[in-house]
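The values are calculated or read from the model by the stated rules, or taken from the named source; none is laboratory data. Keep in mind it's a predicted model, so treat the numbers as computed, not measured. Every residue, glycine among them, receives a Cβ derived from its backbone with ideal geometry; neighbour counts consider all protein chains shown. These accessible areas exclude ligands, DNA and RNA; they are computed on the full protein's heavy atoms, side chains included. Shrake-Rupley method; radii C 1.70, N 1.55, O 1.52, S 1.80 Å.
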Amino acid sequence: MIIKAGEAILKFWLVVMKVIFKVIRQQQNSSPVVQTYVLEAEPGNTILDCLNHIKWEQDGTLAFRKNCRNTICGSCAMRINGRSALACKENVGSELARLQQIPSSSSKVNAIPEITIAPLGNMPVIKDLVVDMSSFWNNLEAVAPYVSTAARQVPEREFLQTPQERSRLDQTGNCIMCGACYSECNAREVDPNFVGPHALAKAYRMVADSRDSDTENRLASYNEGTKGVWGCTRCLYCDSVCPMEVAPLEQITKIKQEILTHKQASDSRSIRHRKVLVDLVKEGGWIDERQFGVQVVGNYFKDLRGLLSLAPLGLRMIIRGKFPLSFEPSEGAQQVRSLIESVQQVEGNRE
């Protein structure tokens with residue numbers, strides 16, 4: 001039975017099928033057009049293999065980036081059926097199988113299967129599948145992605161790390177700068193000031209590095225407005241498309257935790273928002289709105305301008321009978337408090 005099953009699988013991956021490739025082609029400052037190519041391919045052929053055959057045998061003008069063909073360099077990142085991925089990693093068989101799981105794509109059962117290829121998002125197109133990655137690299141440079149030892153005495157040989165210290169860099173060190181997460185980032189699409197998940201993942205690699213001596217300045221920079229960690233909308237697309245399991249959103253969350261650990265609640269409204277929310281829920285099971293506005297916007301009665309900004313809203317709430325005069329803790333406040341304390345204890349142990 002095992003041999004027969006293996007033979008069946010082998011036959012499937014060796015079968016030659018016709019596949020339609022719809023490539024979104026575009027020149028600078030022009031509208032995109034869809035060009036169709038029909039190709040005979042095996043399920044095991046990678047998308048990059050297929051693009052190579054199209055370029056070599058059908059259309060030499062098709063432009064795309066490639067280099068290692070081994071999921072190392074990140075050059076061949078593009079959108080494959082609406083999802084940013086590496087063309088050298090995804091193959092025809094797995095991609096068609098993924099499409100069958102999407103209801104809108106399963107209507108043409110007997111038709112020739114189609115695969116749509118498009119350039120990465122959030123970056124202007126130079127030609128066809130080649131995009132201008134200047135903003136990608138500039139935003140990476142903005143987080144100073146290199147170890148700073150300016151405040152430390154440089155040893156004669158090298159900075160030593162324990163295996164545990166080095167292990168904190170393993171996940172972020174796997175990033176190959178392919179741009180897939182940047183392409184799918186909703187925050188980047190709506191906020192041009194946001195540096196992007198790739199930059200913040202690399203930023204945490206610097207924060208976590210025991211050899212770095214600039215942690216306080218880094219955290220202050222990453223805490224600024226929406227260009228840093230607070231601009232992330234936590235949509236999870238960056239984690240879902242990362243080919244190296246770097247999990248940029250997870251690294252952004254770790255930076256937030258570092259900021260909250262190093263800074264006081266009064267340092268910025270974004271920090272107060274996070275801390276006050278947790279403290280109030282921990283205290284009463286849900287948010288006491290009377291205290292929330294005063295503590296977050298009014299900075300515990302220290303920010304007079306913030307308090308005055310609340311006055312019109314508070315007056316409208318009082319007139320309409322929406323202002324809570326008392327606060328009733330939830331029945332499960334004790335359980336909520338225990339849960340929060342357990343999570344905080346686990347996070348403390350990780351540090």
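Numbers for the structure displayed
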read-out: The range 304-324, residues that are part of a loop (DSSP other than H, G, I, E, B) and open to solvent by less than 50 Å² (accessible area, probe 1.4 Å); value: P324
read-out: Helices (runs of 4 or more DSSP H) contained in the range 174-275 and holding at least 2 residues under 28 Å from A118 (Cα atoms) and open to solvent by 40 Å² or more (accessible area, probe 1.4 Å); value: 186-190, 237-241
read-out: Any hit, the range 228-236, residues being under 30 Å from N67 (Cα atoms) and out of contact with any His (no Cβ under 6 Å at 6 or more places or on another chain); value: yes
read-out: Enumerated strands (runs of 3 or more DSSP E) restricted to the range 54-146, each holding at least 3 residues that are over 19 Å from P197 (Cβ atoms) and open to solvent by less than 60 Å² (accessible area, probe 1.4 Å); value: 114-118
read-out: Residue in the range 153-171 that is out of contact with any Asp or Glu (no Cβ under 9 Å at 6 or more places or on another chain), open to solvent by 40 Å² or more (accessible area, probe 1.4 Å) and in contact (Cβ under 8 Å) with a residue 60 or more places away in the chain present; value: no
read-out: Test result for K282, surrounded by 16 or more Cβ atoms within 10 Å (Cβ to Cβ), in a helix (DSSP H, G or I) and more than 13 Å from the chain's Cα centre (by Cα); value: yes
